[in-house]
Amino acid sequence: MCAAPSPAEASLEPALPAFPAPSAPESGALRPSGVATMVGSGLANQTGAAIGSLAFPVLGPAGVVAVRQYVAALVLLAVDRPRLRSFTRRQWVPVLLLALVFGTMNLSLYSAIDRIGLGLAVTLEFLGPLSIALAAARRSVDAVCAVIAAAGAVTLMRPQPSTDYVGMGLGLLAAACWASYILLNRTVGRRVPGAQGSAAAAAISALLFLPVGVVLALRHPPTAQALGYAVAAGVLSSAVPYLADLFTLRRVPAAAFGLFMSVNPVLAAVVGWVVLGQNLGLVEWAAVAAVVSANALCILAPRR
């Protein structure tokens, strides 16, 4: 098994496959431009997911994800066109697995958003990379972080008459896919040069969702408004975060970047409330805070 990522790498929102990023500065004050970019990237990512959910009544989660996969493929193919004929079997295996995980991750997340709301879905999904980071650690403080994160997850999933267990399960499936995505991306990055592996995976994932787009177009022709929402989701949740992260990682220490990315569940809850009117209760906010705090503590605690 390949090495697990650092907490900063694990905290990346999976809008696009995480390419080997330029080394971030290890010290020095945060630059205002870097902070502004991180804020903009996080808000764009969660706003894109919220806008995409507005197209659910017409396209459904699968239709919105299909459009998002198309946008992601176009962006990545523009960055680095893969030489598919030169790929060996050793390279194709992780690329194909990454394509499958990439599509499943987004589909399960958007289906969870449709059932339990943006804030709770993103919080459950965030347990995936957090688990990877904690599994790779060997400090006593990481055990505390694991307990805090587990408490937050149990609080979110506490049995109630109105609990949507299917939605919760989809959120946890997205978490498992995100964790698998991180490990596979590491393998692809080592076996395939540049961004060719990630671009190939995104293109294959888009092809897998092509029948979904065809069926929707023939059986339920999308309205211009719904299609616009889905395209906006693809741009805001794929293209913008990818380009912003490339800019940010050159100007912000890795620990600070990972710490800020861990706030994504909070941003998702706020955007869900402002854009979609999805209100969280005090207990749900406490659970979100527990998951975010666990990641923050894992990053900030001194290492031997």
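Picking from residues in segment 197-226 that are modelled with pLDDT of 85 or more and among the polar types (S, T, N, Q), the one that is farthest from residue 134 (Cα to Cα) is 223. At least 3 residues being within 14 Å of the chain's Cα centre (by Cα) and modelled with pLDDT of 80 or more is the threshold, and among the helices (runs of 4 or more DSSP H) wholly inside segment 233-304 those reaching it are 264-276. For segment 181-211, a residue qualifies if it is within 21 Å of residue 66 (Cβ to Cβ) and crowded, with 19+ Cβ neighbours inside 10 Å, and the qualifying residues are 181, 198, 199, 200, 201, 202, 203, 204, 205, 206, 209.
One line per residue, one yes/no per condition, for (1) part of a helix (DSSP H, G or I); (2) of a type in the set (S, T, N, Q); (3) at pLDDT below 85; (4) surrounded by fewer than 22 Cβ atoms within 10 Å (Cβ to Cβ):
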{"residue": "98", "(1), (2), (3), (4)": "yes, no, no, no"}
{"residue": "108", "(1), (2), (3), (4)": "yes, yes, no, no"}
{"residue": "111", "(1), (2), (3), (4)": "yes, yes, no, no"}
{"residue": "122", "(1), (2), (3), (4)": "yes, no, no, no"}
{"residue": "154", "(1), (2), (3), (4)": "yes, no, yes, yes"}
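In this structure, residue 73 does not qualify as modelled with pLDDT under 90 and part of a loop (DSSP other than H, G, I, E, B). Residue by residue through segment 52-70, note down the ones that are touching a helix residue (DSSP H, G or I) at 6+ places or on another chain (Cβ under 6 Å) and surrounded by fewer than 23 Cβ atoms within 10 Å (Cβ to Cβ). Result: 54, 56, 58, 61, 62, 70.
The values are calculated or read from the model by the stated rules, or taken from the named source; none is laboratory data. In this text the structure is predicted, and so the values were computed from the model without any measurement. When we count neighbours, we look across all protein chains shown, and the Cβ atoms used for this are built from the backbone with ideal geometry, even at glycine.
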